[in-house]
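Every number here is computed from the coordinates shown, using simple stated rules; none is lab data. Please read all numbers here as calculations on a predicted model, not as lab measurements. Please note: Cβ atoms are built from the backbone with ideal geometry, for glycine as well, and neighbour counts cover all protein chains shown.
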Ligand SMILES: Nc1ncnc2c1ncn2[C@@H]1O[C@H](COP(=O)(O)OP(=O)(O)O)[C@@H](O)[C@H]1O
Ligand SMILES: [Mg+2]
């Protein structure tokens, strides 16, 4: 990997060139929003977990989804990249527009667009048999990147973006699973970034981590939002205040209130929101 430091500045361009889909479709409506969820109804075995939720997500901003356990946050998040329907017995209706294009309009488009939406799960889930390096490189191979030097650059670039490079640069061949929980989660974020998504969905990414690892994840989110649209589910209200620009409060499958994070926490309009952010239930 020697000599890669001088190539740092070229790295971003290379990643763009390599991993962007060859055609960029024009936004047809509301271009100021990167992602728009319209009338999302999601159910399991006919029971609605998300009830007609509408939400709009701004580009290069962090939106937090908060609400008590079981109110449909994870389910809604999984509708945003068509993961919900992969669960047996699960159904979803509504539209999700990415740059104005409906992810739900047909299957082929969904696969192309889904690549632009990365996901990070509550529990770090590195590929268990793979090295640190291979975990990050995994998606690149699938996308046809074969050149070793370019792969090296992208792996380093993504590990740097999650502040993990300095901690693992001498151990790239070690198993991903040999890392601490916090490092594993950052590895999973690097893996998601390697295929150059435009939107990053994070489902309670720090809930299994200690305070120091949590702080690292939060610092990283602050950096990443310069480049990405980030949607983060969190049950930690202080975390929502620290990392997000906008907040949606969900309760019993409904989006009860949505607004700027400051407004939601300091001046909620809805009584249930007020009770929740004051810690009176949840
Ligand atoms: N795989 C599943 N099968 C059946 N019901 C589920 C499944 N996953 C979640 N649910 C139900 O859907 C509702 C919303 O869950 P979830 O989206 O996980 O909420 P949250 O992330 O806010 O805790 C809950 O009532 C939960 O029990
Ligand atoms: Mg959840």
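Things to note:
- Pair residue 59, residue 32: separation of 7 Å Cα→Cβ label points (nm): 1.3
- Degrees between helix 132-142 axis and first principal axis of the chain (Cα, 0 to 90, nearest 10): 80
- Peptide ranges 54-65, 104-115 listed from the most packed, as the mean C-beta count within 10 angstrom indicates: 54-65, 104-115
- Expected 222 nm ellipticity per residue - DSSP helices of 4 or more, -39500 (n - 2.57), all of the chain, to 500: -10500 deg cm²/dmol
- Binning the C-alpha pair distances of the range 201-282 at 5 Å intervals from 0 yields a P(r) profile of 3, 13, 26, 25, 18, 12, 4, 0 %, listed from the shortest bin outward.
- Expressed as a fraction of 2.2 N^0.38 Å, the value expected for a compact globular protein of N residues, the C-alpha radius of gyration of the range 4-277 is 1.00.
- Relative contact order for the chain, counting Cα pairs under 8 Å that sit 6 or more residues apart, in percent: 25
- Between the range 149-174 and the range 113-137, the C-alpha centres lie 14 angstrom from each other.
- Extension gain, residue 171 to residue 263: 0.36 nm times the residue separation minus the Cα-Cα distance gives 28.6 nm.
- Helix 148-161 axis, angle to the chain major axis (alpha carbon atoms, nearest 10°): 40
- Fully extending the segment from residue 51 to residue 85, taken as 0.36 nm per residue of separation minus the present Cα-Cα distance, adds 10.7 nm.
- Added length on full extension, which subtracts the Cα-Cα distance from 0.36 nm per residue, residue 212 to residue 245: 9.7 nm
- Where labels lie 7 Å past Cα in the beta-carbon direction, separation of residue 252 and residue 148 in nm: 6.1
- Taking the longest Cα principal axis of the chain as reference, the axis of helix 211-224 is set at about 90 degrees.
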